[in-house]
Structures are given as structure tokens and as C-alpha cells.
Amino acid sequence: MTDEEDAYGQLLGSGFFVAPGKVLTCAHVVGGLERLRVRVGDRSLPATVITASQPGRDASGGDPPWPLPDLALLDVPAAGDVQVAWLDTAPGPRTWDTGKLMSCGFDMKGISTVPTVGSRAYTGGGIRQAPDGRLEVVELAGESVPLYRSGSMVWDPDTGRVVAVLKAARAEDDGLGGYAIPLVTWLSRALEPEVYEALMSAHDRFHARDRAWPAAAGRGGVQAEWAGEVRARPLLEAALLGLIADVRSQIPPGEIDDVVGPLLRVYVQPGAQVPLRRAAQLLAGLVSPSATYLHDALRLVEELSVAFGDRLGADWVRSAAQWAERCADELGQTTLLRAYRHQRERRTVTAPDRADPVLRVHVQPDLRPRRGWELSIRLHYPDGQVTPVLVSEKPLQTAALWRLLREELQRFIAGLRGTETVLLDLILPMDLQDLPVHAWPTTENRESIPIGHRLPVVVRAQERWQQPDYQRSRAALRTRWQRSAHRPDLPIHWVMCEDAGPAWLLQTGADGEDLEREGARYDMLGVTNPPGARFRRTDRLIRAGVTLGLPALIWPTGGCGVDHDSPHAAGSRCSGQNFREQFHDVLGAAPLAELPRRMMALRRSGTAPVADRVVLFWDDPAQACDDGELHEPTAPRS
């Protein structure tokens, strides 16, 4: 760094980038300057002082001392794409009196009078504190500290992380070596809280994206005593802190504490408030205590994903799931992670559906001459209270209906608190059930998490509850529900792409009683194509299932894409077969009453990505639609 007078003026000292466009150095290097220049390679760039600790007072009139933290942060907006140092600010005990430390900064060696960049090796000599308490630094023993080295980085070659900032050389009568400012103690004290938060978020995001420094740090392998730590794997730690930076920027600290607090109870004093980044570093530095206990850093990411995934977005949830799987693989805990996710899903799906309110979206045809659709949205509480959310004032055409519904659902979800949830109950005419509402984003941002990750979403047939011809369907539905609501094995009949459909469903054949008995065995129908004009056979099967009183149906939103009537398709494996294989065991093992939450848990977990492209038809007769039957309007009598 030089003063501002000219591009290559008086050299003041060293510094290093700690985030894109941000340089850390010593405050005494900057002195009282507000603007100066920094040399980056062969470039000389303007810099502005963001903050710098002030010197103390010297009653004797001599040079004022620079007590700790003696740090300054500079803004260098023209720096562009430069390498950022990887800082070690992790909490926990640290031994400063053993091991090698390296310093890299401006150097004066040999007969040259031109400063060059160089490195020197030192040995940690412990913490030294002045009698007046103003000085608490790491003592460095070994080589001398050259002129202009103040403000340079001090890094630990064993971990590859920058741990301190070099402050000064020792006194002439105190031998070689110098003193350094430990970052874990002083960096957060030197900066205002909002400045420190923004700096570390930018630092973490850089290394999660760039990864060059963590990759270089990890080439030395895992030390035996670190084998169970996430922190021992630099690429994993860098990716973890990048995920955490996104959480810190979007979720209020109070909500984060509700999730993180239970994970820290055994590690911190009761009532202690631990910022999320420090909590992540603390948990990353722990060794998993046994082969039967999932590492707490993994638990942290999994719980954050469940609690805030809807607000962090689908990309974040996907990245978090991938990180957890990679971390579990490196720690030998893949089986434990799967078991943890399974237990979490069971905790989620076994909560009784009646405990949650129901957001009922009812779409019905307008029978007046103008035609169109009527839309009503009401929030039904477990105690029987009903709060209107929206009732359309005039018939809506299909495009306007979907646009209004999407806006209202996003507005409703934005008002939910924390992990609060409701069952989204879509009562739609069968002509409209080919649109996957569960896949709509929860915000206007297309990258936000889908609605089906935030809420359990089900579809029902408006005809079953509002047309007189479906009275037998409603009676059969109640019978099936009473019999199978809590059975542990849900019987599913699958109709594949090339199948004509079961006789019991289509009611074809000579023996009606045999067909009825056959159909009574099943409570769920799985079809491998969606309803609608493109797949008329599937549309007919779904309508038949509704007529017969089936409580649950499932189908993917896209067709298999294989022409099974073509001789060239013989033996071809289509997406319908994959669809059946992924869902038969998962859904078949769930009681009927738990299907909506089981499907939401699958979507959240990321273990079955196809779940985002699946519609769940699920009809609970206890949630009967009470809007009455529809009848064609008649002309008034004269």
C-alpha cells in the first residue's frame, strides 16, 4: 500500500484481500489517511478506508500507541477478480505456542532496495499480553520481520487458513520475530456488526464459488485426529459456509435461533446467543461421538432446509441436500443420514392432519350464460371456524383463474410464520386437474421453492361433492376411508401406459359382483400419464376411479413419451415404469391418512426429484365440501 499522491508513492505496508474488493491491513499502516492506493500485481488502484481503529493517547507527547485491534478495512472497487484469502475465525481452543506459521507480504531481501512480495516462516510463541492490558498478540519466533511487512497475512500451513495479521517486529533487544493479531479474537471487534456480517458473507460466498484456496488447503489429506470433523475437509467447510451465508441474509436471527438453539445446548452455556456462522463453525469442528450418531453439522443443514427451504429457494435446498450427501459419504455416515431423513419424514407425516388448518380452494363452473369459473378460497380451522380469503366477484376465464389463484397462494404463503403449515385442498373440476399447482413457486422469483415443498397439497374432484350423480361415489368413499385410513399398507393398483385398465374399474365383464369384490381390494389408483385431451384413456380411468369412490389417485404431470403402439417400442423402458418403481413402496407403506404429508416430505428431501412432477388426488370425506349441489338455473315463472 502507498499514499495517494502518486501511483507508486511512499510504501506504507502490506495487506490482503479478505473479500472481493475488500483489503484488510493494520490501522497503523493506514495512519490517519482516508484515501490511499494499493498495489495489486502490476496495478496501482485507489482505495478508501471503510473503518480503522484509532490510536491511543500518549501523555509524554511521543508517538501514540496503536492498541488492539489495530485493524483497518479498505474498499478497493476496481480490484476486479482477485484471489481472496481464506480466513480462520472458528471458535474453540487454539494452541499458539507450537507449530509453524507463515507470513506473506512485502519483503526486503538481499541487496535490492525495491520491495517484493515474499514469505517468511515463524514458530508460534504463545499469547503475549502487556501489563496495561492493551496488547494481546501472538508472539512469533524465527526470522526477522522486514520493513513494510505490517498488515500482511499470517497463515497456518497445516490447515491452509489465514489465522492472524502481522502487527510489528520485536524490539531490537528482544530477538528476531514479531507479533501478530489473532483474527478469531479481534476481527469481529474491529468492525461494526453489520460491516463484519457483510464482509464474512462476501468472504464465504467467494470461497463456496471459487474453491481454489480450500482445494489447495485440502491436498495435504486429513490428519488422523481430525478424521471425524467436517472442518478437516476444506471443500466441505467452504461449501457449508456458503450455504450458511444465504440463510443469514434471508432469515431473521430470532427464527434461526429457534432451529439452531437445540443443536447447541450441549456445547454452549444456557441462554448464550451464538450467531449462525459461528454455530456452523463450532459444529463443523466437532468429532461425531459414535458410529450411531449423525454429525451435528449434518443435522444443522438438514434442519435449516426443513425450516426455511421454502424461503431460501429450490436451488438452495438442492445444494444443501447435495452437500449433506457428499459430507455423509466422506464421514462414512451415508446410512445414518438416510435413517435421519427417514425419521424426520415420519415425524412430519405422522402428525394428524386435523391439527393443521385447511386452505380450501374451490373452483366450480359458473352456470350463467356468460360461463367461466367461480373461485373461492377459505381457511378452515380445526375448531370449525372459517375465514374467507377470496371470493371472485365475477366469472373468470381459465387463464385469469390460474393467474389470480397463483397470486393469492403466494400472498398467503408469504404471511405464514416460520414452519407454520396448512393443508392446501384444491377442489377442482376434473377438466382442470392436469395443471400442477403444487409445482408453482412460492414467490414471484422463479427460483423459489415450489408450493409443494412448503405445504402438503392435494387435489379433489368438484363433481364428487356437487353433482347429484355422485351420491354413490361419496358413500363408497366413506366406506373405503373408514376401512383403510390408518392401515399401514395402502393397496395400490397401477395402470401402465400400454394397459387398457382393469375390468373392475371400467365395469366390463359378465360377473358384476366379482368385479366389485376385486375393486374393493384397492384404495389407490396409480396411472402413468396425466388426464386431459392428450391422454383420453387415462382421463377415462381417472374419472372412473372418482365415480367408484377411490380416495386416492396419483399421476405424473408429463406423459411417458413412448408410442407403445409402435412395433419399434417393443421392450422400451418408459418413464412410467420408473414412476411406479419410485412410488409403489414409498406410498404403499404409508397409511391413507398420511399421504399428503408423506408426499410433501418426499418433495422436501430431494431423494425423489420426480415427486415435484406428481399430482396427488386425495379425498378425505371428513373434509366434505359443504357448498351444496349445483343445478342448472331455470327461468323464473311469470
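The values are calculated or read from the model by the stated rules, or taken from the named source; none is laboratory data. Just so it is clear, the model here is predicted, and its values are computed rather than measured. Note that each Cβ is placed from the backbone with ideal geometry, even for glycine, and that neighbours are counted across all protein chains shown. When the accessible area is computed, the model is the full protein with side chains, heavy atoms only, and any ligands, DNA or RNA have been set aside. Shrake-Rupley method; radii C 1.70, N 1.55, O 1.52, S 1.80 Å.
Numbers below:
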{"item": "Segment 275-329: number of residues that are open to solvent by less than 50 Å² (accessible area, probe 1.4 Å), at pLDDT below 90 and of a type in the set (Phe, Trp, Tyr)", "result": "1"}
{"item": "Residues being open to solvent by 50 Å² or more (accessible area, probe 1.4 Å), at pLDDT below 80 and out of contact with any helix residue (DSSP H, G or I) (no Cβ under 7 Å at 6 or more places or on another chain) - total across segment 255-271", "result": "5"}
{"item": "Candidate set: segment 179-211, residues that are open to solvent by 20 Å² or more (accessible area, probe 1.4 Å) and of a type in the set (Val, Ile, Thr); chosen: the one modelled with the lowest pLDDT", "result": "Thr185"}
{"item": "Any pair with Cβ under 8 angstrom, 6 or more apart, that starts in segment 411-426 at a residue that is over 24 Å from Gln623 (Cα atoms) and assigned to a loop (DSSP other than H, G, I, E, B) and ends at one that is among the small types (Gly, Ala, Ser) and open to solvent by less than 60 Å² (accessible area, probe 1.4 Å)", "result": "Gly418/Ala307"}
{"item": "Failed item, numbered, when Arg211 is tested on (1) touching a residue at least 40 places away in the same chain (Cβ under 8 Å); (2) among the charged types (D, E, K, R); (3) within 16 Å of Ala19 (Cα to Cα)", "result": "(1)"}
{"item": "Any chance Thr421 is closer than 20 Å to Ala314 by Cα, among the hydroxyl-bearing types (Ser, Thr, Tyr) and out of contact with any Gly (no Cβ under 9 Å at 6 or more places or on another chain)", "result": "yes"}
{"item": "Matching residues, segment 437-472, being farther than 21 Å from Leu525 by Cβ and either in contact with a Lys or Arg (Cβ under 6 Å, 6 or more places away or on another chain) or assigned to a loop (DSSP other than H, G, I, E, B) (or both)", "result": "Trp440, Thr442, Thr443, Glu444, Asn445, Arg446, Glu447, Ser448, Ile449, His453, Leu455"}
{"item": "Tabulated pairs, segment 229-258, first without any contact (Cβ under 8 Å) to a residue 40 or more places away in the chain and under 13 Å from Ala324 (Cα atoms), second among the hydrophobic types (A, V, I, L, M, F, W, C) and in a helix (DSSP H, G or I), C-beta under 7 angstrom, 6+ apart or interchain", "result": "Leu235/Ala215"}
{"item": "Extreme residue, farthest from the chain's Cα centre (by Cα), among residues of segment 392-436 that are within 20 Å of Val546 (Cα to Cα) and among the aliphatic types (A, V, I, L, M)", "result": "Met430"}
{"item": "Filtered residues of segment 298-331 (kept if closer than 19 Å to Val287 by Cβ and free of Cβ contacts under 8 Å to residues at least 40 places away in the same chain)", "result": "Ala324, Ala328, Asp329"}
{"item": "Single condition Glu447 does not satisfy, out of (1) within 22 Å of the chain's Cα centre (by Cα); (2) within 19 Å of Leu379 (Cβ to Cβ); (3) not aliphatic (A, V, I, L, M)", "result": "(2)"}
{"item": "Output for segment 70-81, where each listed residue is modelled with pLDDT under 95, open to solvent by less than 20 Å² (accessible area, probe 1.4 Å) and more than 15 Å from Met153 (Cα to Cα)", "result": "Ala79"}
{"item": "Residue check for Trp86: touching a His at 6+ places or on another chain (Cβ under 9 Å), under 26 Å from Thr48 (Cβ atoms), surrounded by 17 or more Cβ atoms within 10 Å (Cβ to Cβ) and at pLDDT 85 or above", "result": "yes"}
{"item": "Residue in segment 392-399 that is farther than 25 Å from Ala552 by Cβ and assigned to a helix (DSSP H, G or I) present", "result": "yes"}
{"item": "Of the criteria (1) open to solvent by less than 40 Å² (accessible area, probe 1.4 Å); (2) under 28 Å from the mean Cα position of the chain (by Cα), which one Leu166 fails", "result": "(2)"}
{"item": "Residue that is modelled with the highest pLDDT [pool: residues in segment 589-614 that are part of a helix (DSSP H, G or I) and of a type in the set (Gly, Ala, Ser)]", "result": "Ala593"}
{"item": "Any hit, segment 212-227, residues being surrounded by fewer than 18 Cβ atoms within 10 Å (Cβ to Cβ) and at pLDDT 90 or above", "result": "yes"}
{"item": "Top-ranked residue of segment 542-588 - restricted to ones that are surrounded by fewer than 14 Cβ atoms within 10 Å (Cβ to Cβ) and among the hydroxyl-bearing types (Ser, Thr, Tyr), ranked as modelled with the highest pLDDT", "result": "Ser566"}
{"item": "Options Asp469, Asp434: the member that is open to solvent by 50 Å² or more (accessible area, probe 1.4 Å), farther than 22 Å from Pro382 by Cα, in contact with a strand residue (DSSP E or B) (Cβ under 9 Å, 6 or more places away or on another chain) and charged (D, E, K, R)", "result": "Asp434"}
{"item": "Strands (runs of 3 or more DSSP E) lying entirely in segment 143-241 (those with 1 or more residues that are out of contact with any Cys (no Cβ under 6 Å at 6 or more places or on another chain) and of a type in the set (Lys, Arg))", "result": "161-169"}
{"item": "Tally, over segment 427-436, of residues that are in contact (Cβ under 8 Å) with a residue 40 or more places away in the chain and outside any loop (DSSP other than H, G, I, E, B)", "result": "4"}
